[in-house]
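Heads up, the thing below is written out as structure tokens.
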Amino acid sequence: LYNQWGATEVSIDSTSHPCTPHDHHTTDVPPGTPIANNQVLLLDDHLNPVPTGIPGDLYLAGTGLARGYLNDPRKTATAFIPHPHHPGQRLYRTGDRGIRRTDNAITFLGRNDTQIKIRGIRIEPTEIEHTLRRHPHINNAVVTKWEPTPGDHRLAAYITTHPTPDENTPDEDTLLASINTHLTDQLPAYMIPSSITLLDTIPVNANGKTDHKALPQPQPTTTHTHTHQPTTDAEKLIATIWTDVLDHPNPDIHANFFALGGHSLLATRIISRLRTTLTPHIPLALIFDNPTIHTMAAAIAHLVPAPDATDERTPR
């Protein structure tokens, strides 16, 4: 069994991957490596090659490249562009996204138009979905953009689960905690969804594609067990500010700021209030280097004496 990928504009197939027993246990079966007389390029917005492991736009080239679209010069000029590294040759812009693995195979990430931008950062929802599906209890996953309040853009994930061969699916709180740990270990903070919703099935439309309009309204991910309450004055002060700025009551002192929906603008507000209350010398980087209440409190202890939770003044 071979998994092949390509485009009509480049004679249908440009890559090939001989499937192995390992592929039976993954949702990321690669399209493979280029077949003879074909080239697959992963380029950035400026048509420069991207390093291994970095998402890029997929372009195809080679002897199978079409001349263009019949009687449509404008579409031809958009899709067929000069090869940036070989004068006289052309590339086909597929509109797809991918990552090159260390074995030179390509992992397909989906269409370019599925990208979303949050606070200026381009994010590949499919990359987060692939990471979610690698969790042993997750069967399927969909990631979308969520706007709980106007202008506050966040990521929301929807998942379905299946039991592993040797154990049952854990309770929801334990599962969510495990998923957050799984994501934090593999993705940067700005790609961690603020909401993870467990569904029986992912809704699809008549074409078999995800029906985004049928997805329920996301809610901030919270757990109801093993909540660690603030104990020191510094933790109580920071928890009070987090509750107000994040609109997240009773945050766990070990919860990640970004997993709770935090982002750089909210981080600035939190640091501003801490500077007003404690000292103007608290750096903005403190919350990025210490994204939990517990670690922030420990870091602040090295900058100022332990604060009194009742001294927090109304921010200006």
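The values are calculated or read from the model by the stated rules, or taken from the named source; none is laboratory data. Quick caveat: nothing in here was measured; it's all calculated off a predicted structure. So basically every Cβ, Gly included, is an ideal-geometry build from the backbone, and we count neighbours across all protein chains shown. In case anyone asks, the SASA skips ligands and DNA or RNA and just uses the protein heavy atoms, side chains included. Shrake-Rupley method; radii C 1.70, N 1.55, O 1.52, S 1.80 Å.
Under the simplified labelling scheme, the CYS19-ILE81 pair shows an inter-label distance of 3.4 nm, with each label point 7 Å from Cα along Cα→Cβ.
Taking only protein heavy atoms and a 1.4 Å probe, the accessible area of the chain is 52% carbon and sulfur.
Rounded to the nearest 20, the size of the Cβ-charge dipole of the chain about its Cα centre is 1300 debye, with Lys and Arg at +1 and Asp and Glu at -1. At an R0 of 41 angstrom, the distance between the Cβ atoms of ALA285 and ASN71 translates into a FRET efficiency of 0.10. Neighbours of LEU43, meaning other residues whose beta-carbon lies under 13 angstrom from its beta-carbon, give a summed charge of -1 when Lys and Arg score +1 and Asp and Glu score -1.
Could you point to the residue in LEU198, GLY88, LEU274 farthest towards the positive end of the chain's charge dipole, with +1 and -1 charges on the Cβ of Lys/Arg and Asp/Glu respectively? My answer, from the dipole projection, is GLY88. Ignoring everything except DSSP H segments at least 4 long, calculate the 222 nm mean residue ellipticity for the chain; use -39,500 (n - 2.57) per segment, divide by total residues, nearest 500. Result for the chain, helices only: -7000 deg cm²/dmol.
Only Lys, Arg, Asp and Glu carry charge here, each on its Cβ (+1 for the first two, -1 for the last two); on that basis region 1-94 has a dipole of about 380 debye about its Cα centre. Can you work out the FRET efficiency for the pair VAL204 and ASP233, with r the C-beta to C-beta distance and R0 = 45 Å, to the nearest 0.05? That pair, VAL204 with ASP233, gives E of 0.30. Projected label points at GLN115 and GLU172, each 7 Å from Cα along the beta carbon direction, are separated by 3.6 nanometres.
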